[in-house]
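Each remark here refers to the structure printed beneath this line.
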Amino acid sequence: MTAVPTTTPRRHRRTGAYWVVTAVVVGECAVGGTMDLFRMPPFYTLMIDLGYPSYLATILGTAKIIAAVVLLAPELPRLKEWAYAGVVMCSASASRRYTAYQTRWACRRSSGKA
């Protein structure tokens with residue numbers, strides 16, 4: 001009787017895809033969190049232009065760095081789920097706010113009120 005292989009090429013592709021996506025998300029969290037903590041341009045100045053208080057950069061930077069550490073840690077499935085949820089909510093709300101800001105700015109410029 002022959003043994004059935006425990007890993008298949010499909011499983012290797014899924015595992016590889018998981019780590020590629022995780023590496024991108026962790027890189028974004030680590031770099032973005034560091035830039036938020038040190039209040040580096042262009043994101044800090046854009047955040048201030050959008051009307052957010054300056055202390056929000058410290059809160060977001062800390063949360064992003066914690067999320068990056070949790071996503072790289074072995075096990076911890078519940079914390080990873082929450083970290084991914086937080087990253088998605090942060091990114092989605094930031095892109096929505098930025099889009100609204102750009103739309104408002106474009107409307108002001110076209111009407112001559114800028």
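Laboratory data are not the source of any read-out in this text; all were calculated from the coordinates shown. Computed from a prediction, not measured in an experiment: that's the story for all the values here. Note that we place each Cβ from the backbone using ideal geometry, even for glycine, and neighbour counts take in every protein chain shown.
Summary of computed values
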quantity	calculated
Inter-label distance, nm, simple model (7 Å from Cα along the C-beta direction), residue 101/residue 17	3.4
Cβ-derived FRET efficiency at R0 30 Å, residue 52 paired with residue 78, nearest 0.05	0.55
Answer label, with Cα extents along the principal axes in Å calculated from the coordinates and candidates (1) 80, 30, 21; (2) 46, 35, 29; (3) 41, 32, 25	(1)
Filtered trypsin sites (Lys or Arg not before Pro), region 1-76: DSSP coil and at most 15 other beta carbons within 10 Å	39
Taking region 1-104 and dividing mean pair separation by its residue count, relative contact order in percent (alpha carbons under 8 Å, at least six apart)	25
Chymotrypsin sites (Phe, Trp or Tyr not before Pro) lying in DSSP loop within region 7-114, provided at most 11 other Cβ fall within 10 Å	38
Cα centroid separation - region 17-63 against region 67-85, whole Å	17
Backbone HN-Hα couplings from phi across region 34-50 [Karplus 6.51/-1.76/1.60, Hz, Gly and Pro as x]	5, 5, 5, 5, 8, 6, 8, x, x, 6, 5, 5, 5, 5, 5, 4, 6
